[in-house]
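First the structure, in the form of structure tokens, and then the observations on it.
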Amino acid sequence: MKKLYILILIFLFFNGLSFAQNTGTASVRGFVYESESGEPAIFCNVFLAGTTFGASTDVNGYFLISKVPAGDYILKVTYLGFDTIQKKISLKPGQILNETFNLKKSSVKLETIVVNAEREAARTQTKTSVVTITPKTINKIPSMGGQADIAQYMQVVPGVIFTGDQGGRFYVRGGSPIQNQVLLDGMTIYNPLHSIGLYSVFETDLIRNASIYTGGYNAEYGNRISSVMDITYKDGNKKRISGALGATTFGARAMLEGPLVKQKSPDKGAVTFVMSAKGSYLEQSSKTLYSYANKNGLPFNYMDLYGKVTLSAANGSKVSFFGFNYKDRVKNYESIANFGWDSWGAGTKFLVIPGKTTALIEGLFSYSEYSTDISSNALTPRQSYIGGFMGNVDFTYFLGNSSIKYGVSIQGNTTDYSYTGLNDVNINQKENSTQLGLYFKYKLTAGKLIIEPGFRVNWYASISEISPEPRLSVKYNVTDRFRLKFAGGLYTQNFVSASSDRDVVNLFYGFLTSPENLPETFNGKEIKSKLQKSDHAILGAEFDIGKHVNLNLEGYYKYFPQLTNINRQKIYTEKSAPPGAPDVLTKDFIIEKGNAYGVDVVLKYDYRNFYVWMVYSLGHVTRQYEDEHGELVSYTPHYDRRHNVNFIGSYSLGAKKQYEINVRWNLGTGFPFNQVQGFYEYLTMPGGVNTDYVHENGKLGLIYGDLYSGRLPVYHRLDIDFKRTFFFNKYSKLTVNLSVTNVYNRKNVFYVDLVKNEVVYQLPIMPSFGVNYYF
């Protein structure tokens with residue numbers, strides 16, 4: 001507890017520091033917006049001409065250039081597709097100059113601007129194991145089902161593995177889905193993907209920016225041990241009502257945004273809104289269009305609703321209020337009798353620009369819930385619920401090319417889980433948990449070297465554990481075209497998956513927190529912690545091969561010293577267990593450890609009408625657990641894919657680039673699976689010793705071989721997409737989309753239905769048609 005008090009005092013010290021200003025130099029700060037919509041112009045360059053002083057705007061369009069000697073300068077703003085802005089400014093000692101710029105679209109597009117902007121960011125930011133995504137890049141992927149979605153782009157991010165076209169699960173560099181943190185405007189989204197696997201809960205046209213961290217993320221993120229997906233939505237058009245309507249052979253969507261209080265001039269505030277709705281009617285359309293895929297149709301149903309209102313002040317400060325409601329249903333599909341989940345949440349987020357300091361203050365308060373249940377012919381019924389609140393306040397203080405960021409977060413959750421295992425042994429858990437987090441990150445720029453040390457401490461109050469977690473990111477600019485980088489750190493989380501690794505169809509995705517019913521020892525050592533833990537180390541290099549060609553190479557290692565999983569081998573309750581029964585036969589959960597290591601290579605070409613993205617990933621994942629004899633058993637989990645290749649090609653043509661062709665090809669080696677050695681009649685003995693076992697109808701019992709000792713065949717698939725855009729006026733256009741998923745109809749294995757002894761395949765060739773109208 002004394003350590004916690006010391007950290008709070010350190011936090012308060014830096015909080016006071018952020019409101020101090022160096023009176024010997026000056027600062028210029030402000031926001032850059034797109035004039036047509038009033039939306040922030042993210043990641044554009046703002047600099048003082050003829051000097052080394054400059055900055056890039058963040059996801060709010062905010063920039064700050066500090067520690068500038070007093071004098072007269074020319075401030076320039078450059079952004080792809082927009083006219084360059086130049087303005088003469090005079091800075092006095094101790095002054096904080098506020099500026100707001102509104103960019104107008106240029107009739108001449110200069111592709112070199114975006115190249116310079118990307119490379120400037122590569123030279124000035126550590127950017128290790130992170131991929132930045134915008135709607136523009138998402139639309140480069142063939143839109144399966146006629147609608148572009150971030151779920152489809154996630155499948156080509158280096159280090160990310162999807163289990164296929166169905167299932168809605170993704171794994172990042174050896175980490176399971178429960179270890180991936182997904183944030184929407186800072187609020188936790190417990191399940192971001194729908195069961196069909198092609199679609200997420202997110203509306204593509206509302207995404208302002210998405211950052212995917214596949215490892216080595218710094219101290220501002222906590223309570224997940226594998227990856228982070230941080231998505232920021234737009235605030236809404238400040239100038240006019242705009243939106244989009246779309247319909248495809250899979251589903252339909254609608255998006256609307258605009259001002260409730262219009263921004264009358266650049267120095268005035270505004271009140272804006274965004275709202276979206278999208279849903280699937282694939283269950284109905286597939287019976288006519290895709291009856292060959294499944295004679296009973298493809299009963300994947302979902303409905304996603306989202307809304308947000310933002311109050312923006314003239315100086316750039318703002319507060320947003322938002323909420324969502326997401327639903328997913330699968331009925332009578334293959335071995336699944338019924339599966340579904342519901343999620344909803346609401347929150348508020350604010351950004352404050354203090355008048356007399358170069359600090360930036362951000363905060364969030366939200367509440368969300370998620371519940372799911374499943375029943376099938378192969379699985380016993382199970383249910384899971386999680387609900388909770390979260391709040392955080394973050395401070396950023398700029399020191400020239402360097403910066404300090406620190407903050408505090410609090411999170412409280414309730415989880416409720418029930419499951420029936422072997423021998424009808426029930427596992428039930430309902431827990432409440434509270435977590436307090438404090439973090440600090442310092443970015444130091446010294447010549448060619450950029451160092452970002454960070455430190456986070458998490459206090460898990462419900463289990464009385466404090467976890468200190470150092471983080472570090474480093475980049476060294478060897479030359480203007482060659483850079484070396486490193487990132488690493490320690491990570492913990494108290495969430496545990498409510499899924500079983502032996503499920504035939506792993507659609508179920510539930511949550512547990514810090515279970516109590518754990519073994520007392522693991523690998524001969526006493527278990528002193530209830531947390532899941534991982535250590536990351538990433539080493540990489542970036543090459544600017546040519547003006548428009550970039551190569552990124554990263555090697556990674558993740559060590560998981562403690563993981564908690566549902567006990568697959570439990571056959572007794574602790575009360576019914578015979579004397580001397582080992583923990584592995586009586587405990588609800590077991591402890592495991594593991595490793596994940598590999599190499600990711602990305603080659604990118606982006607110039608004029610051509611876009612190419614090539615990814616090769618080599619990965620190896622292992623886990624170890626104790627058997628009933630106390631011996632460690634090694635296995636590869638079901639998402640271990642040794643080789644994964646993705647190729648994306650995009651070409652646009654026409655005077656207005658109104659025609660576009662997109663291609664994606666994916667190849668992945670087969671996933672591990674459990675081989676079956678035999679079957680037997682399993683008697684549940686409902687009446688105990690008085691059961692009439694002669695006449696009782698038993699269940700089908702399975703005798704498995706070694707855990708995940710088999711491998712499915714190689715997976716590969718080709719998707720093609722054709723788009724034609726019709727421009728009606730300055731604001732309205734119609735895009736017609738024709739796409740074909742699995743062009744050469746590859747029969748990729750999804751799983752084997754052991755009850756029916758049938759192979760179930762992934763989606764076959766599926767042509768789709770879509771129309772989207774923008775206004």
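Looking at segment 754-775 only, could you name the residues that are part of a strand (DSSP E or B) and open to solvent by 30 Å² or more (accessible area, probe 1.4 Å)?
Taking segment 754-775 first, the residues part of a strand (DSSP E or B) are 758-761, 766-774.
Those that are part of a strand (DSSP E or B) and open to solvent by 30 Å² or more (accessible area, probe 1.4 Å): Glu758, Val759, Tyr761, Pro767, Phe769, Val771, Tyr773, Tyr774.
Annotation: of all residues in segment 140-156 being touching a residue at least 60 places away in the same chain (Cβ under 8 Å) and not in a helix (DSSP H, G or I), the one that is farthest from Leu763 (Cα to Cα) is Lys140.
Among the criteria (1) under 16 Å from Phe324 (Cβ atoms); (2) hydroxyl-bearing (Ser, Thr, Tyr); (3) in contact with an Asp or Glu (Cβ under 7 Å, 6 or more places away or on another chain), the one Ser195 does not fulfil is (1). Among the candidates Phe170, Phe162, the residue that is free of Cβ contacts under 8 Å to residues at least 24 places away in the same chain, open to solvent by 10 Å² or more (accessible area, probe 1.4 Å), closer than 26 Å to Gly510 by Cα and out of contact with any His (no Cβ under 7 Å at 6 or more places or on another chain) is uniquely Phe170. Taken over segment 650-661, the residue count meeting the criterion of being surrounded by fewer than 18 Cβ atoms within 10 Å (Cβ to Cβ) and outside any loop (DSSP other than H, G, I, E, B) is 4.
A quick yes/no check of all residues on (1) farther than 30 Å from Leu97 by Cβ; (2) of a type in the set (Gly, Ala, Ser):
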residue: Asp328; (1), (2): yes, no
residue: Asn332; (1), (2): yes, no
residue: Gly340; (1), (2): yes, yes
residue: Lys356; (1), (2): no, no
residue: Leu360; (1), (2): no, no
residue: Gly363; (1), (2): no, yes
residue: Ser368; (1), (2): yes, yes
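Of the set (1) without any contact (Cβ under 8 Å) to a residue 12 or more places away in the chain; (2) open to solvent by less than 20 Å² (accessible area, probe 1.4 Å), all apply to Tyr635 but (1). When Gly345 is tested against (1) part of a strand (DSSP E or B); (2) open to solvent by less than 30 Å² (accessible area, probe 1.4 Å); (3) closer than 21 Å to Thr57 by Cβ; (4) not hydrophobic (A, V, I, L, M, F, W, C), just one condition goes unmet, and that condition is (3).
For segment 192-201, taking the residues that are outside any strand (DSSP E or B) and touching a strand residue (DSSP E or B) at 6+ places or on another chain (Cβ under 6 Å), the one that is surrounded by the fewest Cβ atoms within 10 Å (Cβ to Cβ) is identified as Pro192.
In segment 356-374, is there at least one residue being among the small types (Gly, Ala, Ser), over 16 Å from Tyr190 (Cα atoms), open to solvent by 20 Å² or more (accessible area, probe 1.4 Å) and part of a strand (DSSP E or B)?
Looking only at segment 356-374, we keep the residues that are among the small types (Gly, Ala, Ser), and these are 359, 363, 366, 368, 371.
From the residues that got through so far, the ones that are over 16 Å from Tyr190 (Cα atoms) too are 359, 363.
Still in the running and open to solvent by 20 Å² or more (accessible area, probe 1.4 Å): none.
No.
Is it the case, given these coordinates, that Asp640 is in a strand (DSSP E or B), of a type in the set (Asp, Glu), in contact with a Pro (Cβ under 6 Å, 6 or more places away or on another chain) and within 30 Å of His536 (Cα to Cα)? Answer is no for this residue. Among the conditions (1) touching a strand residue (DSSP E or B) at 6+ places or on another chain (Cβ under 6 Å); (2) among the hydroxyl-bearing types (Ser, Thr, Tyr); (3) within 26 Å of Ile386 (Cβ to Cβ), Tyr509 misses just one, which is (1).
Which residue, of Tyr708, Tyr715, Tyr751, is of a type in the set (Phe, Trp, Tyr), closer than 18 Å to Gln152 by Cα and open to solvent by less than 50 Å² (accessible area, probe 1.4 Å)? Break it down stepwise before answering.
On the way: Tyr708 fails: closer than 18 Å to Gln152 by Cα; Tyr751 fails: closer than 18 Å to Gln152 by Cα.
Exactly one residue qualifies, and that residue is Tyr715.
I'd like the full set of residues that are modelled with pLDDT of 90 or more and either under 24 Å from Gly454 (Cα atoms) or of a type in the set (Gly, Ala, Ser) (or both), limited to segment 404-428. Of everything in segment 404-428, those that are modelled with pLDDT of 90 or more and either under 24 Å from Gly454 (Cα atoms) or of a type in the set (Gly, Ala, Ser) (or both) turn out to be Ile404, Lys405, Tyr406, Gly407, Val408, Ser409, Ile410, Gln411, Gly412. Annotation: of all residues in segment 62-99 being more than 21 Å from Thr25 (Cα to Cα) and assigned to a strand (DSSP E or B), the one that is most open to solvent (accessible area, probe 1.4 Å) is Gln86.
Considering only residues that are open to solvent by less than 20 Å² (accessible area, probe 1.4 Å) and either modelled with pLDDT of 90 or more or in a loop (DSSP other than H, G, I, E, B) (or both), which ones fall in segment 104-130? The answer is Thr126, Thr128, Ser129. Restricting to segment 533-547, name every residue that is buried (at least 17 other Cβ atoms within 10 Å of the Cβ) and either modelled with pLDDT under 95 or more than 24 Å from the chain's Cα centre (by Cα) (or both). Of everything in segment 533-547, just one residue is buried (at least 17 other Cβ atoms within 10 Å of the Cβ) and either modelled with pLDDT under 95 or more than 24 Å from the chain's Cα centre (by Cα) (or both), namely Asp544. Listed conditions (1) open to solvent by 40 Å² or more (accessible area, probe 1.4 Å); (2) out of contact with any Ser or Thr (no Cβ under 9 Å at 6 or more places or on another chain) are all met by Arg483, apart from (1).
The values are calculated or read from the model by the stated rules, or taken from the named source; none is laboratory data. Keep in mind the model is a prediction, meaning the values are calculated, not measured. Ideal geometry is used to build each Cβ from the backbone, glycine not excepted, and the neighbour counts take in all protein chains shown. Accessible surface areas use protein heavy atoms only, side chains included; no ligands, DNA or RNA. Shrake-Rupley method; radii C 1.70, N 1.55, O 1.52, S 1.80 Å.
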